[in-house]
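J.: Have a look at this one.
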Amino acid sequence: MKIIVIGGGWSGCAAALAASNQGAEAVLIERTDMLLGTGLVGGIMRNNGRFTAAEEMIAMGGGDFFELADRNSLHREVEFPGHRHSNLYSVARMEPMVRNFLLSKGVSIDFQVRITEVEMSDGVIRSVLTRQGQGDVPKRYDGNAFIDATGTAGGPANCNKYGNGCAMCVLRCHSFGGRVSVTARAGVKEMVGRKGDQIGAMSGSCKLLKESLDPQIAATLDQKGVVVVPLPPSKVLKGKLSLKCCQQYAIPEFEENIVLLDTGHAKLMTPFFPLELLRSIPGFENARYEDPYAGGLGNSIRYVGMAPRDDALKVEGVENLFCAGEKAGLLVGHTEAICTGTLAGYNAVKFTRREKPLLVNESLAVGDAIGFVRRQMQEEGVLSLKYTFSGSVYFERMQARKLYTTDVNAIRARVASAGLEAVFASR
Ligand SMILES: Cc1cc2nc3c(=O)[nH]c(=O)nc-3n(C[C@H](O)[C@H](O)[C@H](O)COP(=O)(O)OP(=O)(O)OC[C@H]3O[C@@H](n4cnc5c(N)ncnc54)[C@H](O)[C@@H]3O)c2cc1C
C-alpha cells in the first residue's frame with residue numbers, strides 16, 4: 001500500500017504522517033530543499049478558533065504537529081488586534097523539527113523533485129513523474145493513491161500577472177521551478193479565487209530582520225511577542241486590505257498601525273509596505289525585509305488553482321486522487337492545512353483498503369469547516385471569500401454554531417460523542 005504525497009507544505013507533511021500512521025508506505029515529494037512551504041514564514045497558531053480545531057485534532061489522535069508547534073513556540077497566549085490566545089512558533093526551528101519527526105515515523109521524503117507529469121488509465125492515476133530531462137535523472141513514482149498538496153502559491157507567472165511581480169519569497173521558484181498542480185495535470189478543471197477584478201489574492205504578511213529595527217522595538221518583541229505602532233494618517237496606505245488573502249487580518253487596525261509579531265523575525269502584518277515609507281517611521285529607519293526580499297513592492301499570489309472535491313477530500317473525476325491544504329479550497333492557514341492533510345492521508349489509505357472514507361462530523365469545527373467551504377465554493381459559487389478558524393466568515397460561523405470554545409475537556413467530550421476519539425492515531 002503506497003501513498004504518494006506531492007508537496008511538502010504543512011498539508012503534505014500531515015497527509016504523509018496520517019498515511020504512515022495507518023500502516024501505508026508514505027512517500028512525500030517536495031520540489032525545494034525544505035519542507036513546510038509557506039509555513040516557513042508563517043508561525044501564528046491557536047489564534048481564535050484555531051485553538052478549538054487544534055484541540056479537536058489532538059483528541060482525534062492527529063495532533064502531533066500541533067504539539068510540535070507548541071513546543072517550538074517563542075510566545076504563548078499572545079493577544080493582538082482581533083486575535084486572542086495565539087502561539088507564535090519559531091520559523092527558524094520548525095522545519096528541521098518536522099523533517100526529523102517525519103523521518104522518525106518512517107515517512108520517505110524526496111527533496112528537489114518537482115512533479116510535472118501524471119500517467120493515468122481508466123480514471124486512475126498510475127504514476128506521477130518529473131519531466132524527461134529535468135534534473136539529472138527523471139523520476140517516476142507509482143502508487144495506489146495520490147495526494148495533491150501542492151498549494152496555490154505562485155509561480156512567478158501568476159505573481160507577475162495578478163500581483164506586483166515576483167517579490168522573491170521563500171518558495172524560491174526561480175531556483176526550484178514553480179508550483180505545478182497535480183490536479184490540473186490529471187485533467188481536472190480547477191477553481192480560481194477571485195474578488196472583483198482580482199484573480200487570486202496576495203499573501204498578507206512579510207518578515208523584517210529584527211536587528212534592523214530600533215533596539216527598543218526589538219526588545220519589546222522579544223519580551224511580549226507583539227508590538228503595535230500607530231501610523232500617522234498621511235502614511236496609511238489605503239486599499240491594501242482588499243488584496244489580502246488573510247481576511248482575518250483585513251480589519252482597519254492592520255491598515256492604521258504597524259502590527260509586528262515575533263516569530264524569530266518581526267512578522268509585519270501587511271502584504272507589502274514600500275521600504276522608503278517604512279523607513280520614514282521612527283524606529284524603522286534601518287528596516288530591512290527578510291521575506292519576501294522585495295516586501296516593499298509586493299508579495300506572493302495565492303488561491304489561483306483549487307481542486308473540486310468532496311468532504312472526504314477526494315478530487316472529483318479522479319478515483320484515487322485526494323487533496324489537502326489550500327488545494328482543497330479557500331482555506332487559509334497552517335492549522336487548516338494540517339486538519340485537511342490529516343484527513344486526506346487517512347482517507348487515501350481507506351480508499352486503498354476499499355473501505356468507506358471518513359467524513360468528520362459537522363458537530364466538530366474541523367468537519368463543519370471542510371463541508372461549509374466546499375458548499376460555499378461548489379454549490380454557492382462563492383470564490384471571493386477566504387475561510388479560516390481564526391477570523392472572518394468562518395470564525396463567525398463557528399461562534400454562531402457554538403463550536404468555538406477553549407474548554408479542552410468540552411472539546412474532548414465533543415470528539416468522543418462524535419465517535420472519533422483517537423481515530424487518526426497510529427495503528
Ligand atoms: C507570507 C505568509 C505568511 C503566512 N503566515 C501564516 C501564519 O502565521 N499562520 C497561519 O496559520 N498561516 C499562515 N499563512 C498561510 C499558510 O502558510 C498556508 O495557508 C498553509 O500553510 C498552506 O499549506 P499547504 O500545504 O496547502 O501549501 P504550501 O505551504 O503552499 O505548500 C505546498 C508545497 O508544495 C510544493 N510543491 C508545489 N508544486 C509541487 C510539485 N509539482 N512537486 C513537488 N512539490 C511541489 C511547494 O514547494 C510547497 O512546499 C501564511 C502564508 C504566507 C504566504
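The values are calculated or read from the model by the stated rules, or taken from the named source; none is laboratory data. Keep in mind that this is a model prediction, so the values were computed, not measured. Neighbour counts run over all protein chains shown; Cβ positions are idealised from the backbone, glycine included. These area figures cover heavy atoms from the full protein model, side chains too; ligands, DNA and RNA do not enter into them. Shrake-Rupley method; radii C 1.70, N 1.55, O 1.52, S 1.80 Å.
J.: Quickly run through region 157-166 and pick out the residues that are outside any helix (DSSP H, G or I) and open to solvent by 30 Å² or more (accessible area, probe 1.4 Å).
T.: Selection gives N164, C166.
J.: Okay, moving on. Identify the residue in region 381-410 that is among the small types (G, A, S) and under 17 Å from P81 (Cα atoms) and, among all such residues, is surrounded by the most Cβ atoms within 10 Å (Cβ to Cβ).
T.: S390
J.: Out of L28, L68, L40, L102, report the one residue that is within 12 Å of the ligand (Cβ to nearest atom) and either over 20 Å from E326 (Cα atoms) or open to solvent by 10 Å² or more (accessible area, probe 1.4 Å) (or both).
T.: One residue alone meets the criteria, L40.
J.: Search region 119-151 for residues being out of contact with any strand residue (DSSP E or B) (no Cβ under 9 Å at 6 or more places or on another chain) and not in a strand (DSSP E or B), and hand back the single one that is farthest from I6 (Cα to Cα).
T.: Only one residue tops the list, namely D122.
J.: Identify all residues within region 2-19 that are over 15 Å from the mean Cα position of the chain (by Cα) and either β-branched (V, I, T) or in a strand (DSSP E or B) (or both); write none if there are none.
T.: Result: K2, I3, I4, V5.
J.: If D262 passes every condition in (1) open to solvent by less than 10 Å² (accessible area, probe 1.4 Å); (2) under 27 Å from G193 (Cβ atoms); (3) of a type outside the set (A, V, I, L, M, F, W, C) but one, which one does it miss?
T.: (2)
J.: Another question, if that's okay. What are the residues in region 81-99 that are open to solvent by 10 Å² or more (accessible area, probe 1.4 Å) and more than 11 Å from the ligand (Cβ to nearest atom), if any?
T.: P81, G82, R84, H85, A92, R93, P96, M97, R99
J.: Follow-up question, since we're still on this one. Checking S363 against (1) closer than 23 Å to I199 by Cα; (2) open to solvent by 10 Å² or more (accessible area, probe 1.4 Å), only one condition comes out false. Which one?
T.: S363 satisfies every listed condition except (1).
J.: With (1) surrounded by fewer than 23 Cβ atoms within 10 Å (Cβ to Cβ); (2) assigned to a loop (DSSP other than H, G, I, E, B) as the list, and N47 as the residue in question, which single condition is left unmet?
T.: Here N47 clears every test but (1).
J.: Among the residues of region 192-222, count how many are closer than 20 Å to M34 by Cβ, of a type in the set (A, V, I, L, M, F, W, C) and buried (at least 17 other Cβ atoms within 10 Å of the Cβ).
T.: 1
J.: Something else: Quick one: which of V259, V228, V236 is in contact with a strand residue (DSSP E or B) (Cβ under 7 Å, 6 or more places away or on another chain), modelled with pLDDT of 85 or more, away from the ligand (no atom under 16 Å from the Cβ) and of a type in the set (V, I, T)?
T.: Matching residue, one of V259, V228, V236: V228.
J.: Within region 174-191, does at least one residue satisfy the condition of being outside any loop (DSSP other than H, G, I, E, B) and exposed (fewer than 14 other Cβ atoms within 10 Å of the Cβ)?
T.: Scanning region 174-191, I find at least one residue that is outside any loop (DSSP other than H, G, I, E, B) and exposed (fewer than 14 other Cβ atoms within 10 Å of the Cβ), so the answer is yes.
J.: Quick one: would you say G154 is assigned to a loop (DSSP other than H, G, I, E, B), within 21 Å of L36 (Cα to Cα) and more than 11 Å from the ligand (Cβ to nearest atom)? Spell out the reasoning first.
T.: Numbers: assigned to a loop (DSSP other than H, G, I, E, B): yes; within 21 Å of L36 (Cα to Cα): yes; more than 11 Å from the ligand (Cβ to nearest atom): no.
No: the conditions fail for G154.
J.: Just to be sure before I move on: is E362 without any contact (Cβ under 8 Å) to a residue 60 or more places away in the chain, away from the ligand (no atom under 13 Å from the Cβ) and out of contact with any helix residue (DSSP H, G or I) (no Cβ under 6 Å at 6 or more places or on another chain) in the structure I sent?
T.: no
J.: Also, quick follow-up: Can you work out which of the residues in region 72-118 that are among the polar types (S, T, N, Q) and in a helix (DSSP H, G or I) is nearest to A219 (Cα to Cα)?
T.: N100
J.: Is it the case, given these coordinates, that E55 is more than 11 Å from the ligand (Cβ to nearest atom), in contact (Cβ under 8 Å) with a residue 60 or more places away in the chain and of a type in the set (D, E)?
T.: Yes.
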